[in-house]
1. Among PHE31, PHE257, PHE186, what's the order by accessible area (1.4 angstrom probe), most exposed first?
2. Which of the lysines could be linked to LYS239 by a straight reach, that is with a Cα gap under 21 Å, when you skip same-chain ones fewer than 8 residues away?
3. What lysines does LYS165 reach when the alpha-carbon gap must be under 19 Å and sequence neighbours fewer than 8 apart in one chain are set aside?
4. Percent of Cα-Cα pairs per 10 Å bin, from 0 to the last occupied bin, for region 78-236, please list those.
5. Taking a ≥ b ≥ c as the square roots of the Cα gyration tensor eigenvalues, with a/c under 1.5 meaning rounded and otherwise prolate when a/b beats b/c, else oblate, which class fits region 150-268?
6. Go through PRO141, CYS164, GLY151 and say which Cα lies farthest out towards the positive end of the charge dipole of region 111-177; charges sit on Cβ, +1 for Lys and Arg, -1 for Asp and Glu.
7. Taking every DSSP beta bridge that has both residues in region 1-139, what percent is antiparallel when rounded to the nearest 5?
8. Decide, for region 13-127, between rounded, prolate and oblate: order the square roots of the alpha carbon gyration tensor eigenvalues as a ≥ b ≥ c, take rounded if a/c falls under 1.5, and otherwise choose prolate if a/b is larger than b/c, else oblate.
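The values are calculated or read from the model by the stated rules, or taken from the named source; none is laboratory data. Being a predicted model, the structure only gives us computed values, none of them experimental. Cβ placement follows ideal geometry from the backbone for every residue including glycine, while neighbour counts extend to all protein chains displayed. Please note that ligands, DNA and RNA were not included when accessible areas were found on the heavy atoms of the full protein model with its side chains. Shrake-Rupley method; radii C 1.70, N 1.55, O 1.52, S 1.80 Å.
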Amino acid sequence: MSVLLTEVRGHVGIMTLNRPESHNAMNAEMFVKMARAWDAWAADDNIRSVVITGAGDKAFSAGGDVKSLIPVLTRARAPQNEFEQIILDTHPKVRDVAMLRTFFPKPVIAAINGYCVAGGTEVIEGTDIRVCTESATFGLPEVKLSILPAGGSLVRLTRQMPHCKAMEMVLTGRPITAAQALEYGFVNYVTSREALMDKALEIASQIGANGPLAVVAAKRVMVESSGLPFDQAYLLEDKAWDDVAASEDAKEGPLAFAEKRSPIYTGK
């Protein structure tokens with residue numbers, strides 16, 4: 001069985017981290033296959049959103065595999081297979097499993113089924129909408145091992161929850177509960193395990209019914225304008241409006257509304 005499962009349901013790509021016996025810890029093979037899947041789905045016009053989850057009932061992901069991946073990244077040992085060699089040869093690119101350096105244009109919905117720490121939390125930080133189970137926990141314990149949560153947390157976490165809560169989480173290494181994550185605005189919904197994927201796919205379906213060009217443009221502006229002065233940010237918004245307004249979909253949406261029918265969007 002592959003360490004990463006991918007499938008497409010309609011316009012939704014579903015990515016499942018599949019090492020449940022290791023709490024879905026990410027080894028080199030999983031990292032490489034995740035990076036390849038993001039690249040493929042970014043270029044696939046049929047895919048309008050992605051749901052990412054973990055196999056089993058206990059964990060979304062325990063992060064980078066401390067026994068295999070981390071020793072390679074710290075140069076504690078030489079690579080022992082092709083995937084570990086790829087990690088060393090293209091390290092910055094492979095880190096895009098957490099969508100750090102390459103903008104992923106489609107909305108990504110996380111379905112978090114339990115334990116989610118270290119690199120698992122950092123993958124979540126790269127998603128747009130988050131649903132978790134009542135038993136989910138989130139944590140960044142790297143400082144306890146004298147390493148850093150440098151898969152985006154040192155930059156992104158203070159933008160995704162209150163500053164002091166983010167600092168406490170990183171500097172103490174203590175985890176937070178699902179209820180705390182909801183309180184801090186780090187997740188959108190907390191559900192039962194049974195309802196988790198249904199809720200994530202419901203959101204994906206709602207997104208998929210919208211104009212795909214508008215969705216992609218809206219996400220891009222919201223991500224790329226973060227931290228910019230207002231005058232610069234509004235320039236991005238103005239350009240996005242001009243680009244989307246010139247599309248056939250922008251004509252179809254209002255026309256379908258006026259004719260009281262469902263729009264037929266083509267992404268053009």
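1. Numbers: PHE31 30, PHE257 170, PHE186 0 Å².
Ranked from most to least accessible, the order is PHE257, PHE31, PHE186.
2. Answer for LYS239, where 21 Å is the Cα cut-off: LYS106, LYS219, LYS251, LYS268, listed by chain and number.
3. Partners within reach: LYS144.
4. 10, 33, 36, 19, 2, 0
5. Numbers: a/c = 3.59, a/b = 1.53, b/c = 2.35.
Note, shape of region 150-268 comes out oblate.
6. About the Cα centre, the residue reaching furthest to the positive side is CYS164.
7. Working: 6 of 26 bridges.
Close to 25 percent.
8. Oblate, since a/c reaches 1.5 and b/c is not below a/b.
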